[in-house]
Amino acid sequence: MHILLVGAGLSGAVIGRQLAEAGHQITVIESRDHVAGNCHTERDPETGVNVHVYGPHIFHTDDQEVWDYVNRFERFLPYKNRVKTTSQGQVFSLPINLHTINQFFGKTMRPDEALAFITEEQADTSIEDPQTFEEQALRFVGRDLYEAFFKGYTIKQWGMDPSQLPASILKRLPVRFNYDDNYFFHKYQGMPENGYTQMVEAILDHPSITVRLNTHFTRDQAGDYDHVFYAGPLDGWFDYELGRLGYRTLDFERFTYQGDYQGCAVMNYGEESVPYTRITEHKHFSPWEEHEGSVLYREFSRACEPGDIPYYPIRQVDEKALLADYVKLAEKTQGVTFVGRLGTYRYLDMDVTIREAMDTAAAFLEKGTEIPAFVKSPL
């Protein structure tokens, strides 16, 4: 069959490769002038640094099949994400760990002492069933740590008070009562040696795959193909006829520095008075390379407007109601399967995106054009 993939990010590339290897003819169209979507990387001509153009992407997974898959196309080298945060005139380690707790409170507690201190003296145990981000933070780390590390950052990132956000957002952030400052806890963690774009180009390098960049999709193109896998915005497929789903977008203030600007890849700024959420120093994402010059981004989060790049789906009550209406429309639509972060309006890590793309391709090989609009429901 002749299959159209809309979007040359991870979803489109992986589905396209799987189906091409099974004998189908694949066309991938991409509105930008490069592949790899928001994980696009490119060499800065001035410094030689491999820059994560749309903000840093760190690969971490417990899925060995996914890990083996990405390493088939690009060698991944070890990388541990060790985040720092500047707050109240000091630099602390994130996620909150024993060093953070001892430094913040001026103590020298052992693990069991710190656990008792946080759970018995700091945590608000009157909150039995946390429903909001703020309640979750107060229940598990207490007001002092919440206000130092989470409150201001969250207001800047999401544009609303943490009391309006669901508790689930904070449940991803661990608190450790040892000195482990590795942000993630997955078995496999690393960075592609030559960047994500080179990896995606390798995935798409197959004689049965045609890639067309700078090509915008319109629904009338779908009729030229046996099936469409659509990784664009779900509401965009329907020309936003029910309204626009809400996203946060990012603005990047790029600057360069001769030497080492901050000594780490990611420095958060937890206070609301600092307008940006963090500064990322991109040469530290490739610690096996050496560069005198440095490329850095200050990140600013704001509401996504038409024409902006959507980053984080908001998925508040209003958005979920609108999403449910779009899902009903999509499920009545023939010949298209919605995939990826934008197509299913979900925040997805890269490994989950690849896993779902592999599963989607397998479902198509089993069911053909009888495949549903969503292999993984957005609801």
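If residue 264 meets every condition in (1) surrounded by fewer than 13 Cβ atoms within 10 Å (Cβ to Cβ); (2) in contact with a helix residue (DSSP H, G or I) (Cβ under 9 Å, 6 or more places away or on another chain) apart from one, which number is that one?
(1)
Only one residue in 151, 156, 187 is under 23 Å from the mean Cα position of the chain (by Cα), charged (D, E, K, R) and under 16 Å from residue 94 (Cα atoms), so which one is that?
Details: 156 fails: under 16 Å from residue 94 (Cα atoms); 187 fails: under 16 Å from residue 94 (Cα atoms).
Criteria check complete, one pass: 151.
Provide a single number: the residues in the range 337-351 that are of a type in the set (A, V, I, L, M), surrounded by fewer than 24 Cβ atoms within 10 Å (Cβ to Cβ) and in contact (Cβ under 8 Å) with a residue 60 or more places away in the chain.
Initial filter on the range 337-351 (of a type in the set (A, V, I, L, M)): 339, 342, 348, 350.
If we keep only those that are surrounded by fewer than 24 Cβ atoms within 10 Å (Cβ to Cβ) too, we end up with 348, 350.
Narrowing the set further to residues that are in contact (Cβ under 8 Å) with a residue 60 or more places away in the chain leaves 350.
Adding up the residues that qualify gives 1.
Pairs, please: C-beta under 7 Å, at least 6 apart or cross-chain, first residue within 23 Å of residue 102 (Cα to Cα) and in the range 122-143, second buried (at least 18 other Cβ atoms within 10 Å of the Cβ) and hydroxyl-bearing (Ser, Thr, Tyr)?
137/146; 138/146
Output the number of the condition that residue 232 fails; it satisfies all remaining conditions of (1) in a loop (DSSP other than H, G, I, E, B); (2) not assigned by TED's automatic domain parsing to the domain that holds residue 22.
Result: residue 232 fails condition (2) only.
Yes/no per residue for (1) in the same structural domain as residue 216 (by TED's automatic domain parsing); (2) in contact with an Asp or Glu (Cβ under 9 Å, 6 or more places away or on another chain); (3) surrounded by 20 or more Cβ atoms within 10 Å (Cβ to Cβ):
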| position | (1), (2), (3) |
| --- | --- |
| 23 | yes, no, no |
| 47 | no, yes, no |
| 72 | no, no, no |
| 120 | no, no, no |
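Report, by residue number, each residue of the range 235-264 that is among the hydrophobic types (A, V, I, L, M, F, W, C) and either under 29 Å from residue 315 (Cα atoms) or in a strand (DSSP E or B) (or both).
Step one: list which residues in the range 235-264 are among the hydrophobic types (A, V, I, L, M, F, W, C), which gives 237-238, 242, 245, 250, 252, 255, 264.
The answer is 237, 238, 242, 245, 250, 252, 255.
Given the structure, is residue 206 loosely packed, with under 13 Cβ neighbours inside 10 Å and in contact (Cβ under 8 Å) with a residue 60 or more places away in the chain?
Values: loosely packed, with under 13 Cβ neighbours inside 10 Å: no; in contact (Cβ under 8 Å) with a residue 60 or more places away in the chain: yes.
Spelling it out, it is not the case that residue 206 is loosely packed, with under 13 Cβ neighbours inside 10 Å and in contact (Cβ under 8 Å) with a residue 60 or more places away in the chain.
Could you tell me whether the range 135-147 includes any residue that is within 17 Å of residue 178 (Cβ to Cβ) and modelled with pLDDT of 95 or more?
Yes, because at least one residue in the range 135-147 is within 17 Å of residue 178 (Cβ to Cβ) and modelled with pLDDT of 95 or more.
Counting only residues that are of a type in the set (Ser, Thr, Tyr), surrounded by fewer than 17 Cβ atoms within 10 Å (Cβ to Cβ) and touching a strand residue (DSSP E or B) at 6+ places or on another chain (Cβ under 8 Å), how many does the range 127-170 have?
Of the residues in the range 127-170, the ones of a type in the set (Ser, Thr, Tyr) are 132, 146, 153-154, 163, 168.
Right, trim to surrounded by fewer than 17 Cβ atoms within 10 Å (Cβ to Cβ) and you get 163, 168.
Narrowing further to those that are touching a strand residue (DSSP E or B) at 6+ places or on another chain (Cβ under 8 Å): 163.
Selection size over the range 127-170: 1.
Mind listing whichever residues of the range 171-183 are within 25 Å of residue 313 (Cβ to Cβ) and either crowded, with 18+ Cβ neighbours inside 10 Å or β-branched (Val, Ile, Thr) (or both)? Steps first, please.
Restricting attention to the range 171-183, the residues satisfying the condition of being within 25 Å of residue 313 (Cβ to Cβ) are 171-174, 183.
Listed by number, the list holds a single entry, 183.
Quick check on this structure: which one of 299, 292, 370, 319 is touching a residue at least 60 places away in the same chain (Cβ under 8 Å), over 27 Å from residue 59 (Cβ atoms) and of a type outside the set (A, V, I, L, M)?
Values: 299 fails: over 27 Å from residue 59 (Cβ atoms); 292 fails: over 27 Å from residue 59 (Cβ atoms); 370 fails: touching a residue at least 60 places away in the same chain (Cβ under 8 Å).
Just one listed residue meets the conditions, 319.
Do the conditions hold for residue 240, that is, is it on the phi > 0 side of the Ramachandran plot and without any contact (Cβ under 8 Å) to a residue 40 or more places away in the chain?
Details: on the phi > 0 side of the Ramachandran plot: yes; without any contact (Cβ under 8 Å) to a residue 40 or more places away in the chain: yes.
Spelling it out, residue 240 is indeed on the phi > 0 side of the Ramachandran plot and without any contact (Cβ under 8 Å) to a residue 40 or more places away in the chain.
Please find, among 298, 254, 248, the residue that is surrounded by fewer than 17 Cβ atoms within 10 Å (Cβ to Cβ) and in contact with a strand residue (DSSP E or B) (Cβ under 8 Å, 6 or more places away or on another chain).
254
Would you say residue 354 is under 29 Å from residue 53 (Cβ atoms) and surrounded by fewer than 19 Cβ atoms within 10 Å (Cβ to Cβ)?
Working: under 29 Å from residue 53 (Cβ atoms): yes; surrounded by fewer than 19 Cβ atoms within 10 Å (Cβ to Cβ): no.
So residue 354 does not fit the description; no.
Inside the range 84-102, can you point out the residues that are closer than 21 Å to residue 171 by Cβ, in contact with an Asp or Glu (Cβ under 8 Å, 6 or more places away or on another chain) and not polar (S, T, N, Q)?
Selection gives 94, 95.
The values are calculated or read from the model by the stated rules, or taken from the named source; none is laboratory data. Note that the coordinates shown come from a computational prediction; the quantities given were computed from them, not determined experimentally. Note: ideal-geometry Cβ built from the backbone for every residue, glycine included; neighbour counts use all protein chains shown.
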